[in-house]
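K.L.:
Have a look at the structure that comes next, please.
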Amino acid sequence: MTRRNSFPSLLKQLYLEAEYLPKAMHVSADFEDRELLEVTLTERAGHNVEIFTPQRGNQAGFSGSRGEQRGNIRSNNDSGF
């Protein structure tokens, strides 16, 4: 099993039956069913659960809806402060 394929399995094992689900999870690589797992965990938790992956280069930061929004805010606020 490759590292990319192991993330969904590991996250499912850890969180599908867990009593507590965090609002954000950070993983080192994106995987195919990330959005489906986010929806499933969100429904189970009763609050938004987002899975973020780091980006390199021009897209530095974390991907995902909040990560992209934060990146846009940072780039718009680059006034030297």
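The values are calculated or read from the model by the stated rules, or taken from the named source; none is laboratory data. As the structure is a computational prediction, the values presented were derived from the model and not from experiment. Cβ sites come from the backbone with ideal geometry, for glycine too, and all protein chains shown count toward neighbours.
K.L.:
Can you tell me how many residues within region 30-48 are outside any loop (DSSP other than H, G, I, E, B) and surrounded by 15 or more Cβ atoms within 10 Å (Cβ to Cβ)? Write out each step before concluding.
P.N.:
Of all residues in region 30-48, those outside any loop (DSSP other than H, G, I, E, B) come to 34-45.
Okay, now just the ones that are also surrounded by 15 or more Cβ atoms within 10 Å (Cβ to Cβ), so 34, 37-38, 40-42, 45.
Of the residues in region 30-48, 7 are outside any loop (DSSP other than H, G, I, E, B) and surrounded by 15 or more Cβ atoms within 10 Å (Cβ to Cβ).
K.L.:
Let me ask something else about it. Considering region 1-22 alone, what residues qualify as being surrounded by 11 or more Cβ atoms within 10 Å (Cβ to Cβ), in a loop (DSSP other than H, G, I, E, B) and either in contact with a His (Cβ under 6 Å, 6 or more places away or on another chain) or at pLDDT below 75 (or both)?
P.N.:
Those that are surrounded by 11 or more Cβ atoms within 10 Å (Cβ to Cβ), in a loop (DSSP other than H, G, I, E, B) and either in contact with a His (Cβ under 6 Å, 6 or more places away or on another chain) or at pLDDT below 75 (or both): none in region 1-22.
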